Amino acid sequence: MSGDLLYREKRYSRAFRLIEPDFENAAYQRRAMLLRARIFRKIGQAGESARAYEAFSTVHPYDRKAPEALFVAADLHLRAGDRGASNAVLQRIMTTYPSSRYSRLSTLKLASYYIENGSEERGLGLIERAVERSGRGNEELLYHLADAYGKTGEPVLKSKTLDEIEALNPISFYLHPTIATTYVQPLIASNGMVDLHGPDGLLEYLKGVFEARDDAYRQVRRVLMNTNDTAAFERAAVYVERGGRFLEMGFRDWAEQELRALEASGKLPARLNLELGVLYDDYAMHWRSVRSFQRVYYSLKKSRRKELESAFRLLMYPTPYPSAVFENCARHGISPHLVYAMIREESRFDVKAVSRAGAMGLMQLMPATGEQAADELGFPEGIHKNLFSPDINLTFGIWYASSLLNRADGDPLMMLAGYNAGFGNARRWFGQGDAIQSVQRIDYRETRGYVKRIVRSAHIYHAFYFSPAARAGQPRSN
């Protein structure tokens, strides 16, 4: 539709004239109505834009964009100074789309307004009903209920609600929204390289990691030995053994072909997925091992998962490329547990990963970012083209994350938002309120989830590999 092109060129008047007539084609009508609302929004007509979004939701009530359009309309009414209209739209979302994410957000907005304006009972009631509809299993809603209890002078109920979140997820973002700033890692020698030997050297560190992971394998293996899949396991284990022999002989391509065919053959016994994960781990194929361990984990009953939680966290959160990670983290002043959490989220340790946008390698760097890093760090011209090299990718990625962290005045959550969505957006979202409020302001769903997941992963990495307790051989069990 030509109106879309004119809109992108910021020729709003001409675009508006093109979309004034009613289209008989439903798809064109849908696009025209949304474009009309966006144009009003761009030219500062908040009230008209809000009404246009409402009209779209009325004409297309089952469209996937309908609840989002209403949520935007509520915000626009507020900008136009019409609180009553905004509240009415929020109520409409809650009534019409009770199961949608926007219903939850509308509930929280409306409840906050009531509590702040003296209608505490009404506001609390809205959140309590939403929590009950969720089966008391939504961490975000429970957090806001606890916060509301605190604001209305109910400390006992607040404490009980926070305990509910703890029972659901001991490392919930809503309980632990910050990332530890202290950590223990192998010593870095005066030349900037990891010290290999001695009680605080890399070799001793890796020995502890390997022993902990071996113990985790044994714990899970003991449980799986009691399952009734012996025949299926023995039939398929032949292929794992053959793949392992190919790897031993250096025929990696043959091994990958053999093992991929096995994985694609259908649902495998949990014991076999465990042995696949161990084999992939042994040959530093962590993008495959993590996936195999996850399959084992989710094949178990919840009671078994809880029993083996610590073992699976060790298995599903590996620490490959330790020299490159530790040396660059020390050089640029960033926490290794944060970097490992970023690598896991960005690429799942796949050195050949490429995103739809063209980001490459372990830390998913765009070529332009690689070129900037190479220039800033004094690397030879053209080396940024080798972003699939783990050493190059980690060197550039850790430098880039550190530079964003400096721009964010040391706030790792703001850095993460900038890494995912651009620093201009991060600056818009952060700056007022605490960590949870800042993350809640992120209006990109992907980025909001990205930040929360990395915070969670960073807690796990810190607990199992970089806390003083972990270095003493006693990682936390949660």
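The values are calculated or read from the model by the stated rules, or taken from the named source; none is laboratory data. Remember, predicted model here, so these are calculated numbers, not experimental data. When we count neighbours, we look across all protein chains shown, and the Cβ atoms used for this are built from the backbone with ideal geometry, even at glycine.
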| Taking the condition over 33 Å from the mean Cα position of the chain (by Cα) and assigned to a helix (DSSP H, G or I), does residue 92 pass? | no
| Of the residues 236, 216, 212, 261, which single one is surrounded by fewer than 12 Cβ atoms within 10 Å (Cβ to Cβ), part of a helix (DSSP H, G or I), assigned by TED's automatic domain parsing to the domain that holds residue 311 and touching a helix residue (DSSP H, G or I) at 6+ places or on another chain (Cβ under 8 Å)? | 261
| request: Evaluate the range 383-395: report whether one residue or more is modelled with pLDDT of 95 or more, β-branched (Val, Ile, Thr) and buried (at least 16 other Cβ atoms within 10 Å of the Cβ). | output: yes
| remark: Flagged in the range 116-172 as among the basic types (Lys, Arg), within 26 Å of the chain's Cα centre (by Cα) and at negative phi, in numbering order, are 133
| query | So which residues in the range 166-185 are touching an Asp or Glu at 6+ places or on another chain (Cβ under 6 Å) and under 18 Å from residue 337 (Cβ atoms), if there are any at all? | reply | 172
| said: Suppose the filter is part of a helix (DSSP H, G or I), of a type in the set (Gly, Ala, Ser), touching a strand residue (DSSP E or B) at 6+ places or on another chain (Cβ under 6 Å) and in contact (Cβ under 8 Å) with a residue 12 or more places away in the chain; does residue 289 pass it? | reply: no
| Subset of the range 264-286 [closer than 19 Å to residue 345 by Cβ and in a helix (DSSP H, G or I)] | 286
| task | Give the residues of the range 350-367 that are in contact with a Lys or Arg (Cβ under 9 Å, 6 or more places away or on another chain) and surrounded by fewer than 14 Cβ atoms within 10 Å (Cβ to Cβ), sorted by residue number. | result | 367
